[in-house]
Every structure is written in C-alpha cells, then in structure tokens.
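A short worksheet on the structure shown next.
Values in this text are rule-based calculations from the coordinates and carry no lab data. This structure is a prediction, so every number in the text was calculated from the model and none was measured. Cβ coordinates were reconstructed from backbone atoms using ideal geometry, including for glycine residues, and neighbour counts include every protein chain displayed.
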Amino acid sequence: MIIANRNLLYYGAAACTGIAGILHLVLVSNAINSNINNAIFFLVAGILQLFWVLPMIKRWGRIWYAIGIAGTVILIGIWVITRIPDNPITGRGGPVSELAIATEVFQIAYIVLTAVIMAKERVSKPQIIREK
C-alpha cells in the first residue's frame, strides 16, 4: 500500500506540472497577436513544465525536484507580481482569468506534492552513522 501511495504522489506531481504546462501553451495562442513577449514567455514556461513530467515519472531525484519547485515558485511569483497595479514588469495590473487561476492551482498542487515526495524520501532513507 505504501508503494502504491508513493507512486500516486509521483504521478500526481507529474500530472499537475504537465497540465500547468498545457495551460501555459494554450495561453500562447491568446497572446501571440497582442504581445509577442508574453507569447514567448508562455511558450517557454509551457515547454519546461511539460518536460518536467519526465523527472517526476522517472524519479530523477531531489535536485531535480528542488529545481522544479523553485522554477514553479518563480512562475507563481511572476504571475502575482503582474497582477499588482503599477508593477515593475508590465506597469499595470493584469487580468485574472479562469485559465490563469486553473494554472496557478495546478502549479501550487505540483509544489505541494513534490515537497511531500521530498519529505518522504528524506524520512525513508536510512541514515549511516559513522563512528570514529
């Protein structure tokens, strides 16, 4: 049962980052005609998040998980900052759409699931005690 639950954590984290990546790619088509910089940002973010399914499914390890969490936190931070009026990135507050909320929810879920994975891996690995 423990193994099945651990598999669900990895698959859940992979699904969350994959869905967030797909949602970012959907935003490319919305932004391509009005703001090429936003379109490029969404394209790069979407591709990276889709790639990040692989480290989660293949269980590449803590460094990869930490990088994934850090990158996702940065994406969330950029989104939050760009919603603030007179922000330093866009100079105005951006809209909050249903698609944006869904993307942020999947990104937060990815962070939580990956943090749980990292915590469980730390607890389950035996500690080597060396005597002098």
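For the reader, a short list of remarks on this structure follows.
- Full extension of the segment from N7 to M118, taken as 0.36 nm per residue of separation minus the current Cα-Cα distance, would add 38.6 nm.
- Residue-averaged [θ]222 nm for the chain, counting only DSSP H segments that reach four residues, each worth -39500 (n - 2.57): -26500 deg cm²/dmol
- Kirkwood hydrodynamic radius of segment 2-124, from inverse mean 1/r over distinct Cα pairs, in Å: 15.0
- Distance between modelled label sites at R92 and A31, nm, 7 Å Cα→Cβ extension: 1.6
- Which of K120, K58 has the fewest Cβ neighbours within 10 Å, and the rest in rising order: K58, K120
- In segment 65-123 the Cα-Cα distances spread across 5 Å bins starting at 0 as 4, 18, 21, 20, 15, 10, 6, 4, 1, 0 percent of all pairs.
- Evaluating 6.51 cos²θ - 1.76 cosθ + 1.60 at θ = phi - 60° for every residue in segment 93-108, the Karplus couplings come out as x, x, x, 10, 9, 5, 5, 5, 4, 4, 4, 5, 4, 5, 5, 5 Hz, glycine and proline recorded as x.
- Tail fraction, Cα-Cα pairs, segment 23-80, threshold 16 Å, whole percent: 48
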